[in-house]
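Here the structure is laid out as structure tokens; the discussion comes afterwards.
Only the coordinates and a few stated rules stand behind these numbers; no lab work does. Not measured: the values here are computed from a predicted model. Backbone-built Cβ (ideal geometry, glycine too); neighbour counts: all protein chains shown.
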Amino acid sequence: MTPVPPPTLFSADGMVGLVFLIMIGVTLTGGIIAATAERLIRALSGIVICFTGVAGFYYFLNSPFMAMMQILIYVGAICVTISFAIMLAAPEEKLKKSPTNLLSGPIGFMIAALIFAAMTMLALKTDWQASAKIASGSVREIGIHLLTTYSMVFELISIVLLIAIIGSIVIARGGRN
Amino acid sequence: MALLSIHQYLTTYLVFGAMLFSLGVYGLVTRKTLIGMLIAAELMLAGVSINFMSFNRFLAPDPSVGQIFTLFIMAIAAAEAAIGLSIVVAVYRQFKTVDAEELVNLKG
């Protein structure tokens, strides 16, 4: 986007680029562990690593607020909930070879690879047009938008969360004697 | 060292979001347990959020709109995880397993 000469490794910009490359590696490793690990608890650890890396991406995308929300909500809440579910509902993992279905072999890999190839082609071939910025996207502006333009959606999302909490308690309680 | 300046381009983030999304698709179709599928679905949501945030950073005129949308995605993901995991616990109580291949009640 900006036609500056590429930085050398031992400069401030070069170190930023190095941190970015390391972050890509860490996030990808976490994602691959999360998608392919045999034991569920390892997949959970992988997704914790992956979400922390995604928070780093949000820092690079000019949004430290979303990075903190990512760590708070995903790593702090969702992953802990999943770990509780693993402890409650998957006590022994037999790792037995149950009959594999049609999708779980190379066909599943081919489907994922096709989706990735198609989206990568789309990202590379399209001529993305940037528009002029009319705001800075600070936390103050996010708060103003949440309470004026998007106040209806904000209220709806809190009702959805409330219903989800009550509903999950009801579902998980049912059938208990 | 052109590789050190790739964080300034939109395409990097788009390709990376696509990578996370397709990893999630792969996990979703290969996993055998319900909790594993849920973890893969969270991976797909992370890829989608990265796409939104990168368009928000590079293309959108008002950069707070994409952040608000990503915040809503996070709230929906939290609600989905809560409901999904309580369903997993209820299914485990009924069937004593969370293997998706064995959850068959109507099969003869």
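Could you tell me which trypsin sites (Lys or Arg not before Pro) in the stretch B:79-108 are loop residues by DSSP with no more than 11 other beta carbons within 10 angstrom of their beta carbon?
Qualifying residues, ordered by number: B:Lys96, B:Lys107.
Can you give the log10 of the normalised intensity I(q)/I(0) at q = 0.12, 0.19 Å⁻¹, computed with Debye over equal Cα scatterers of chain A?
-0.96, -1.44
Using 1/(1 + (r/R0)^6) with R0 = 35 angstrom and r between the beta carbons of B:Thr11 and B:Leu103, what's the FRET efficiency to the nearest 0.05?
Calculated value: 0.25.
Under 17 Å from the 7 Å Cα→Cβ point of A:Ala12, by amide nitrogen: which residues of the stretch A:56-87?
Hits in the stretch A:56-87 for A:Ala12 at 17 Å: A:60, A:62.
Assigning unit charges at the beta carbon (Lys, Arg +1; Asp, Glu -1) and nothing else, what dipole magnitude in debye, to the nearest 20, does chain A show about its Cα centre?
Its charge dipole is roughly 500 debye.
Counting trypsin sites (Lys or Arg not before Pro) as exposed when in a DSSP loop with at most 16 other beta carbons within 10 Å, what is the longest stretch of chain A free of them?
So the longest stretch without any such site is A:40-93.
Could you point to the residue in A:Ile142, A:Phe60, B:Met37 farthest towards the positive end of the protein assembly as shown's charge dipole, with +1 and -1 charges on the Cβ of Lys/Arg and Asp/Glu respectively?
B:Met37
Just to verify a number: FRET efficiency for B:Leu3 and A:Ile159, C-beta to C-beta distance, R0 = 30 Å, to 0.05?
The value I calculate is 0.05.
Along the three principal axes, how long is chain B when you take its alpha carbons, biggest first, rounded to the nearest angstrom?
59, 31, 20
Most fluctuating residue of B:Ser64, B:Ser22, B:Ser54 in a GNM of chain B with Cα springs under 10 Å: which is it?
In this elastic network of chain B, the residue with the biggest mean-square fluctuation among B:Ser64, B:Ser22, B:Ser54 is B:Ser64.
Estimate the FRET efficiency between B:Ile73 and A:Ala130 by the formula 1/(1 + (r/R0)^6), using the beta-carbon distance for r and 25 Å for R0, to the nearest 0.05.
Rounded to the nearest 0.05, the efficiency is 0.65.
Among B:Ile68, B:Val48, B:Ile87, whose Cα lies farthest out toward the positive end of the dipole of the protein assembly as shown, if unit charges sit on the beta carbon of Lys, Arg (+1) and Asp, Glu (-1)?
B:Ile87
Could you work out [θ]222 nm for chain A from helices alone, using -39500 (n - 2.57) per DSSP H run of at least four and dividing by all its residues? Round to the nearest 500 deg cm²/dmol.
The per-residue figure over chain A is -22000 deg cm²/dmol.
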